[in-house]
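Let me begin by presenting the structure, written as structure tokens, before commenting on it.
The values are calculated or read from the model by the stated rules, or taken from the named source; none is laboratory data. For clarity, every value in this text was computed on a predicted model and none was experimentally measured. Positions of Cβ are generated from backbone atoms using ideal geometry, with glycine treated the same way; all protein chains shown enter the neighbour counts.
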Amino acid sequence: MVRPIKQGRAERMSYSHINEVIEVPDLIEVQKNSYKWFLDEGLMEVLEEVSPIRDFSGDMELSFVGKEFDIDNPANTIEQCKEKDCNFAAPLKVKVRLLNKRTGKVEDQDVFIGDFPIMTEHGTFIINGAERVIISQLVRSPGAYFDIIHDKSDAFLYTSQVIPNRGAWLEYETDANGVIYVRVDRARKFPLTVFLRSLGIGSDEEIRDLFGDEKFLTETIAKDPSHTREEGLAELYHKLRPGEPTSLEGAESLLNGMFFDPKRYDLARVGIYKLNKKLSLASRIKGHKAVSDIVTDDGEVLLKAGEIITSDKAWEIQDAGINEVYVYPITKIGDTDRISDQAFKVIGNARVDCDKFIRASFSAKELKGFDISETPINEMVRTTILRNIITEVRATAKKTEYAEKLMEALRAQVTELMPKHLVIEDIISSVSYLLGLQYGVGTRDNIDHLGNRRIRSVGELLQNQIRIGFSRMERNIRERMNAASDEEPTHPNQLVNTRPVSAAVKEFFGSS
């Protein structure tokens, strides 16, 4: 029997004998939602990233504090755009605030950026009268990935990649002689210990105390020409910037800019989630045998020596703030478990469940009114920062104010608690993970598995392109600030040159 059915907004005739029990999904919903995210959140993220822009003296400061995009009132309809060979677009304005610290004057102005294309209800754009579609990309998901490969002599080689959403790649690899090398952003490789020294783990003794007396580290130290932090920084700069004169300040600035600057390095939320999942202490110690009693700072014994660490117990250990555990690795050979007699030190990336850690640190009465859902915390947080917050609240607030003050502190320090860039604990944990692979502590990853891929859709692609335009604009604004004279008043629209942003948008939609 022929009957009408709804497919999206269209009504079609169905000749099937069996009724459709599931509605046909909206196949362009992903595109439309992604574009909506860009307008609601993605564009403001870029504006917040580049703000504030300061001149070299620090006396003048320019910030982007808002946006206006009148999507409901385009200059032309879709039909008119097709007839006139023009873009279906609406004006985009940003609110710019200029602060002159010398005079104390604050001035706000709306600056016209340009006409920004509007997505039609079909998930397309009208560019120069032609209907165009932005194809989503399938890319490697940000996170940490580890693998074990065989070389020609059938020896095991261990590799790792820490991939950001935006920024420099960090790669580890071992050779047949047991030396661990590092590559930063696909540049020349150098011994791992050079990198560790540049991060502040300066001497051979500090490296061995941190990771244990591992054969890989012994071989790497023997290959390392540096012996102190200063020598490590100099060697790092020489490898990453060959031919340039070496300076410690330049090396520190280069290292911080590559991995610890949120403007240049971004793991994105998916990368933070995958990194925390991979490098967490709990995921690596479960299923192994404890070497000694595992005790909290308060003296509570969570696990006795010789016991097998279950998944629940592993998370209890991690959420107690413990970040280092010695285990006897247990590996499966067929149906039997083989327990190693060589202890291995597992180092996590110092993250805890914020709600559980706080509730374990205060009584229920002290936390009356505390609700983690009323804060921006939606991932595991850095243990050191959370401990500092708890210590400060205890020292400065009354017991009846603990809940309120904790929530205020969590909101104020959300970027420190959940950084989108790497921190030193992540790098130390990734090295520990690589060392653990030889003992069977940790798992190898298949980078081509779809679970390690993600969709980069139109909203994110647009955000990346807009970011390029605003970074060019930022340099231009800073140059104009430095050239501005003290005698003549300076207004925001005199500093902002919108051409880099409008050019970036045209380049994105104009490319095939």
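Do we find a residue being part of a loop (DSSP other than H, G, I, E, B), aliphatic (A, V, I, L, M) and not assigned by TED's automatic domain parsing to the domain that holds residue 323 anywhere in segment 159-171? Yes, that holds for at least one residue.
If you filter segment 43-77 down to residues that are among the β-branched types (Val, Ile, Thr) and crowded, with 16+ Cβ neighbours inside 10 Å, you find that the one that is nearest to residue 109 (Cα to Cα) is 53. Might you check whether a residue that is part of a helix (DSSP H, G or I), closer than 22 Å to residue 263 by Cα and of a type in the set (A, V, I, L, M, F, W, C) occurs anywhere in segment 49-61? Among the residues of segment 49-61, at least one is part of a helix (DSSP H, G or I), closer than 22 Å to residue 263 by Cα and of a type in the set (A, V, I, L, M, F, W, C), which makes the answer yes. None of 205, 231 is part of a helix (DSSP H, G or I), acidic (Asp, Glu) and touching a helix residue (DSSP H, G or I) at 6+ places or on another chain (Cβ under 9 Å) except 231. Within segment 386-409, if we keep just the residues that are under 28 Å from residue 429 (Cβ atoms) and buried (at least 18 other Cβ atoms within 10 Å of the Cβ), the residue that is nearest to the chain's Cα centre (by Cα) turns out to be 386.
Please indicate, with yes or no, whether at least one residue in segment 126-149 is under 25 Å from residue 438 (Cα atoms), without any contact (Cβ under 8 Å) to a residue 24 or more places away in the chain and surrounded by fewer than 16 Cβ atoms within 10 Å (Cβ to Cβ). Within segment 126-149 (the criterion being under 25 Å from residue 438 (Cα atoms), without any contact (Cβ under 8 Å) to a residue 24 or more places away in the chain and surrounded by fewer than 16 Cβ atoms within 10 Å (Cβ to Cβ)), the answer is yes, since at least one residue qualifies. Which ones in segment 3-33 are at pLDDT 75 or above, aliphatic (A, V, I, L, M) and within 30 Å of residue 460 (Cα to Cα)? Within segment 3-33, 27, 28, 30 qualify. Being surrounded by fewer than 17 Cβ atoms within 10 Å (Cβ to Cβ), among the acidic types (Asp, Glu), without any contact (Cβ under 8 Å) to a residue 24 or more places away in the chain and in a loop (DSSP other than H, G, I, E, B), is that true of even one residue in segment 213-223? There is at least one residue in segment 213-223 that is surrounded by fewer than 17 Cβ atoms within 10 Å (Cβ to Cβ), among the acidic types (Asp, Glu), without any contact (Cβ under 8 Å) to a residue 24 or more places away in the chain and in a loop (DSSP other than H, G, I, E, B). When residue 54 is tested against the conditions (1) modelled with pLDDT under 80; (2) of a type in the set (Lys, Arg); (3) under 30 Å from residue 463 (Cα atoms), the lone failure is (1). Out of segment 84-106, which residues are in contact with a helix residue (DSSP H, G or I) (Cβ under 6 Å, 6 or more places away or on another chain) and either without any contact (Cβ under 8 Å) to a residue 12 or more places away in the chain or assigned to a strand (DSSP E or B) (or both)? Passing the criteria: 96, 98.
Being out of contact with any Cys (no Cβ under 8 Å at 6 or more places or on another chain) and in contact (Cβ under 8 Å) with a residue 40 or more places away in the chain is a description that applies to residue 379.
Quick check on residue 373: is it among the hydroxyl-bearing types (Ser, Thr, Tyr), surrounded by fewer than 19 Cβ atoms within 10 Å (Cβ to Cβ) and over 23 Å from the mean Cα position of the chain (by Cα)? In short, no. Yes or no: residue 307 within 20 Å of residue 380 (Cβ to Cβ) and out of contact with any helix residue (DSSP H, G or I) (no Cβ under 6 Å at 6 or more places or on another chain)? Answer is no for this residue.
Rundown of residues vs (1) at pLDDT 90 or above; (2) surrounded by 15 or more Cβ atoms within 10 Å (Cβ to Cβ), yes/no style:
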position: 248; (1), (2): no, no
position: 258; (1), (2): no, yes
position: 271; (1), (2): yes, yes
position: 281; (1), (2): yes, yes
position: 285; (1), (2): yes, yes
position: 291; (1), (2): no, yes
position: 316; (1), (2): yes, yes
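No other residue among 198, 203 is farther than 18 Å from residue 430 by Cβ and not acidic (Asp, Glu) apart from 203. Of the residues making up segment 10-48, those that are in a helix (DSSP H, G or I), of a type in the set (Ser, Thr, Tyr) and without any contact (Cβ under 8 Å) to a residue 12 or more places away in the chain number 0.
Looking for something touching a strand residue (DSSP E or B) at 6+ places or on another chain (Cβ under 8 Å), of a type in the set (Phe, Trp, Tyr), surrounded by 14 or more Cβ atoms within 10 Å (Cβ to Cβ) and not in a helix (DSSP H, G or I) - is there at least one such residue anywhere in segment 177-186? Yes: one or more hits. Scanning segment 46-77 for residues that are over 18 Å from residue 484 (Cβ atoms) and out of contact with any strand residue (DSSP E or B) (no Cβ under 6 Å at 6 or more places or on another chain) returns 46, 48, 49, 50, 72, 73, 75, 76, 77. Per the listing 468, 428, 477, the residue uniquely free of Cβ contacts under 8 Å to residues at least 40 places away in the same chain, in a helix (DSSP H, G or I) and not assigned by TED's automatic domain parsing to the domain that holds residue 288 is 468.
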